[in-house]
Amino acid sequence: MAQHDVIVVGGGPGGSTAAWRLARAGLRPLLLDTAVFPRVKVCAGWVTPEALADAQVDPQKYPLTIQAFSACRFEFDGARTETCWRRPASYGILRREFDHYLLDRARAAGVDVREGARVTAVTEEADGVRVVSPHGTFTASVAIGAGGHRCPVAHALGEVSEHEEVVVAQESETRLSPQWIEALARWWDAPELYVEPDLKGYGWYFPKGDVLNVGVGCVSGPGADLPGRPSRAGSSPPKRSRRACGAAPPSRLTRPRSCAGTARARPAGSAGSSRGSPIRGRARSCGRS
């Protein structure tokens, strides 16, 4: 008799929430993830109320970094637009905190969580699915693929599209001192998006708590010169950089990091996979997981 009813491959928000719900329903899920949490995830950390509701996370009770936004700014071709709402329309979170919180919630509910367990093989058997990892070989009636764009379940059992577009991204996440936050107070109440005519993507500026996340992402191909984008932006620094002069130097949480992922979101278990070369820094998967 199998020790687990369901095997979930991928410990991001989708995988950990699925496993958590299964455990609460009385099943015995196993969750495998290559990483050891908390881990870095290339992401602006911008979530909607609907996304939090899907994960059954109450933003008022969430105990870690979170910032409510009731406005968003958009800049294109010299024009700047701000949209406001009467109530929070989105929230800023830190993915390394958020993902770890959801994984620990699943563990507390009884999910058998195995970190540092890269899945090396997935095969369909007569009575279910067989999954192989350094932590052992496991069988279950069902497997859920929530491993992002390189998900081994999708590769083995799903239909991987040949028309996936690879998305590359680069970001830096920095914890700021109170002096810097005060200097940036005018720009600390809303996220900002920046679009350029020759870029199939956008840049972003996301404040959240005492952390600032800045980055750029786009579909790979002609014009996807992400290393060149920061230098071009730096040639005409925004006023916020000048106003912050004299404040204590910020403490970068991680090195600038890059990732490659697929442009199209798919249900767990059917996500496509595309390989992309990291632009600079450490390579990270940014597919949905």
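The values are calculated or read from the model by the stated rules, or taken from the named source; none is laboratory data. The structure presented is a predicted model; accordingly, all values stated were derived computationally and were not measured. Ideal geometry is used to build each Cβ from the backbone, glycine not excepted, and the neighbour counts take in all protein chains shown.
Here are some notes:
- Selected residue (only one of Ile66, Ile7 is of a type in the set (Val, Ile, Thr), out of contact with any Asp or Glu (no Cβ under 7 Å at 6 or more places or on another chain) and more than 23 Å from Gly92 (Cα to Cα)): Ile7
- Answer residue from segment 54-92, given it is out of contact with any helix residue (DSSP H, G or I) (no Cβ under 9 Å at 6 or more places or on another chain) and buried (at least 16 other Cβ atoms within 10 Å of the Cβ) and is nearest to Val195 (Cα to Cα) among those: Glu75
- The strands (runs of 3 or more DSSP E) found entirely in segment 81-126 that carry 1 or more residues being closer than 20 Å to Gly11 by Cα and acidic (Asp, Glu) are 112-115.
- Scan of segment 92-137 for residues that are more than 22 Å from Ala25 (Cα to Cα) and of a type in the set (A, V, I, L, M), ordered by number: Ile93, Leu94, Ala117, Val119, Ala121, Val122, Ala126, Val131, Val132
Residue-by-condition table, conditions (1) within 23 Å of Val214 (Cβ to Cβ); (2) without any contact (Cβ under 8 Å) to a residue 24 or more places away in the chain; (3) of a type in the set (Gly, Ala, Ser):
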site	(1), (2), (3)
Val9	no, no, no
Gly26	no, yes, yes
Lys41	yes, no, no
Ala71	yes, no, yes
Phe74	yes, no, no
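- Residue that is farthest from Ser220 (Cα to Cα), among those in segment 141-160 that are assigned to a loop (DSSP other than H, G, I, E, B) and in contact with a strand residue (DSSP E or B) (Cβ under 7 Å, 6 or more places away or on another chain): Ser141
- Qualifying position, being buried (at least 17 other Cβ atoms within 10 Å of the Cβ), small (Gly, Ala, Ser) and touching an Asp or Glu at 6+ places or on another chain (Cβ under 8 Å), among Ala146, Ala154, Ala190, Ala169: Ala190
- Contacts under 6 angstrom Cβ, first residue in segment 211-232 being at pLDDT below 90, partner surrounded by fewer than 21 Cβ atoms within 10 Å (Cβ to Cβ) and basic (Lys, Arg), 6 or more apart: Cys218/Lys200; Val219/Lys200; Pro227/Arg280
- Of the set (1) touching a residue at least 12 places away in the same chain (Cβ under 8 Å); (2) in a strand (DSSP E or B); (3) outside the structural domain of Leu193 (by TED's automatic domain parsing); (4) out of contact with any Ser or Thr (no Cβ under 6 Å at 6 or more places or on another chain), all apply to Val132 but (4).
- Those residues of segment 161-180 which are assigned to a loop (DSSP other than H, G, I, E, B) and of a type in the set (D, E, K, R), in sequence order: Glu162, Glu164, Glu165
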